[in-house]
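Down below is the structure, laid out as structure tokens.
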Amino acid sequence: MGLFSIFDPIQILNKRIERFSTSKHCPEELRSFYKKIDVTSDTPIKQCQITAIDFETTGLDLEKDQILSIGGIDISRSAIQFNTTFHYYIKNRENVIKKESAVINQITPELLANGKDISVAIYELLEKISGKIILVHCSYIECGFIRKILKLRKKDPLPFLVLDTMEIERKLNKANPNIDVRLSSIRERRKLPEYEAHNALIDSLATAEVFLAQIRDVFKNKSATILPLYKRSL
């Protein structure tokens, strides 16, 4: 093993995944999801299988709030694959919806009545994304809620590599530490079309579009590879 590989964050993540998957702390039902991430630091982005995901939630408190819906869409060959979309509502206990969140995401109790059980939904999501690269905007939300539902400790690795458009944008604008990194603000600055309503599927698409724009900023005319984007997401 060369000196570079010792400090390669992708190799480090794969080692953590391998160790955790065989440890006593990994729940038996999760072991099959902890697969090696099949990319190296110099893998071209166009060869990566990426899934952009988004959760609509009742709020940002991981202890008190809940997921209302999950949406996602794939990126492959450096293009958004519109035939890969998925979106489903999550069945919640009564009165879980807050008035302020309902105004934003337009999710009502009626939409949740026939939703999926959260444990079923998360395992379906893991089936889609295990071993792949996951794209989110603000990993605290999606990764935090997944960790909570799977009852993982904070130090336990998740079974996927995460790219975060919020952190990528922040690091692209180091000279302006107060820059607004909300998804809508980034899209406005980049002159991307405005989407009217918050929706997990729409926001995953919006995140995917921002990511493709960020790739151009990070690499200019050079070939885009995974490591610079992953390092900016940490």
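The stretch between K154 and V120 holds 10.0 nm of extra length on full extension. This uses 0.36 nm per residue minus the Cα-Cα distance.
Summary of the geometry: segment 34-79 and segment 200-234, compared by the centres of their Cα atoms, lie 12 Å apart. Using the Cβ-Cβ distance between T40 and Y195 with R0 set to 41 Å, the FRET efficiency from 1/(1 + (r/R0)^6) comes to roughly 0.75. Over the chain, dividing the summed -39,500 (n - 2.57) contributions of all DSSP H runs of at least 4 residues by the number of residues returns a 222 nm mean residue ellipticity of -11500 deg cm²/dmol. Taken over the C-alpha atoms, the chain has Rg and Dmax values of 17.8, 57 angstrom. Within the listed set N114, N176, N199, the Gaussian network model of the chain (springs between alpha-carbon atoms below 10 Å) gives the highest mean-square fluctuation for N176. Counted residue by residue at 0.36 nm each, then reduced by the alpha carbon distance between them, the extension gain from S78 to T108 reaches 7.3 nm. What residues from segment 206-234 fall in the zone where the backbone N is under 14 Å from a label point 7 Å along the Cα-to-C-beta line of Q47? Under cut-off, by backbone N: 223-227.
Average accessible surface for the chain: 55 Å² per residue, computed with a 1.4 Å probe over protein heavy atoms with every protein chain in place.
Relative contact order, whole percent, for the chain stands at 26, derived from Cα pairs under 8 Å and 6 or more residues apart.
Taking the Cα centre of the chain as origin and charging only Cβ (+1 Lys, Arg; -1 Asp, Glu), how large is the dipole, in debye to the nearest 20?
Dipole size: approximately 920 debye.
Among K24/K132; K171/K222; K35/K222; K154/K222, which pairs are too far apart, with a Cα-Cα distance over 26 Å? Violating the 26 Å Cα-Cα cut-off are K35/K222; K154/K222. Rounded to the nearest whole Hz, the Karplus-based 3J(HN,Hα) values (6.51 cos²θ - 1.76 cosθ + 1.60, θ = phi - 60°) of segment 14-20 follow the sequence 4, 5, 5, 4, 5, 5, 5, with x at glycine and proline. In a Gaussian network model over the chain where Cα atoms closer than 10 Å are linked, find which of L68, L13, L205 has the largest mean-square fluctuation. Top of the fluctuation ranking is L13. To the nearest 0.05, how large is the calculated FRET efficiency for E127 and R16 if R₀ is 35 Å and r is the Cβ-Cβ distance? Once the sixth-power term is evaluated, E becomes 0.95. With a 1.4 Å probe and all protein chains left in place, how much of the accessible area of the chain comes from carbon and sulfur atoms, in whole percent? C and S fraction of accessible area: 52 percent. If R0 equals 22 Å, the separation of the Cβ atoms of N178 and K231 corresponds to a calculated FRET efficiency of about 0.45.
The values are calculated or read from the model by the stated rules, or taken from the named source; none is laboratory data. Note that the structure is a prediction, hence the values are computed from the model and not measured. Cβ coordinates were reconstructed from backbone atoms using ideal geometry, including for glycine residues, and neighbour counts include every protein chain displayed. The area values use the complete protein model at the heavy-atom level, side chains included, leaving out ligands, DNA and RNA. Shrake-Rupley method; radii C 1.70, N 1.55, O 1.52, S 1.80 Å.
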